[in-house]
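Beneath this line is the structure, given in structure tokens, with notes to follow.
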Amino acid sequence: MIYLSLFLSFLQVGMFSIGGGYAAMPLIQNQVVTQHSWLTMSEFTDLVTIAEMTPGPIAINAATFVGIRIAGIGGAIVATLGCIFPSLIL
């Protein structure tokens, strides 16, 4: 169930974040801090810092970080696929 929840949460981020990774940050914050309480606000701040420092798109790095934090390697894969799935379809 957690995998489905991760996938659907980051699918919404991937579908509605028009304008790049920084435009996706409020959507990610809403999903992981407000709606699901997967991270605290302090952990979300750490997430933003880590996602900016690592190479690659910030939204995908954030999805990978949240996925691995919540459900391990499988969660990281599912959350990352959810984030990039809309782009793959287009």
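The values are calculated or read from the model by the stated rules, or taken from the named source; none is laboratory data. These figures come from a predicted structure and were not determined experimentally. Glycine gets a Cβ as well: all are built from the backbone with ideal geometry, and neighbour counts include every protein chain shown. Ligands, DNA and RNA are stripped out before the accessible areas are found, and what is left, the full protein with its side chains, is counted by its heavy atoms. Shrake-Rupley method; radii C 1.70, N 1.55, O 1.52, S 1.80 Å.
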> Out of the residues in segment 32-90 that are in a helix (DSSP H, G or I) and hydroxyl-bearing (Ser, Thr, Tyr), which is modelled with the lowest pLDDT?
Replying inline: SER87
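Those residues that are open to solvent by 20 Å² or more (accessible area, probe 1.4 Å) and either aromatic (Phe, Trp, Tyr) or in contact with a helix residue (DSSP H, G or I) (Cβ under 6 Å, 6 or more places away or on another chain) (or both), I need them from segment 30-40; list them, please.
Step one: list which residues in segment 30-40 are open to solvent by 20 Å² or more (accessible area, probe 1.4 Å), which gives 30, 33-38, 40.
Scanning segment 30-40 gives VAL33, TRP38.
Which of the residues belonging to segment 9-24 are open to solvent by 80 Å² or more (accessible area, probe 1.4 Å), among the hydrophobic types (A, V, I, L, M, F, W, C) and in contact (Cβ under 8 Å) with a residue 12 or more places away in the chain?
Here is the first cut: in segment 9-24, the ones open to solvent by 80 Å² or more (accessible area, probe 1.4 Å) are 12, 15-16, 18, 22.
Narrowing the set further to residues that are among the hydrophobic types (A, V, I, L, M, F, W, C) leaves 15-16, 18.
MET15 - this is the single residue of segment 9-24 that is open to solvent by 80 Å² or more (accessible area, probe 1.4 Å), among the hydrophobic types (A, V, I, L, M, F, W, C) and in contact (Cβ under 8 Å) with a residue 12 or more places away in the chain.
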> So, of the residues in segment 71-90 that are open to solvent by 50 Å² or more (accessible area, probe 1.4 Å) and touching a residue at least 24 places away in the same chain (Cβ under 8 Å), which turns out to be farthest from the chain's Cα centre (by Cα)?
Replying inline: SER87
> If LEU27 passes every condition in (1) aliphatic (A, V, I, L, M); (2) open to solvent by less than 50 Å² (accessible area, probe 1.4 Å); (3) assigned to a helix (DSSP H, G or I) but one, which one does it miss?
Replying inline: (2)
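Name the residues in segment 8-23 that are assigned to a helix (DSSP H, G or I), at pLDDT below 90 and small (Gly, Ala, Ser), would you? Reasoning before the result, please.
Just the residues of segment 8-23 that are assigned to a helix (DSSP H, G or I), to begin with: 8-16, 21-23.
Those left that are additionally at pLDDT below 90: 21-23.
Hits for segment 8-23 are GLY21, ALA23.
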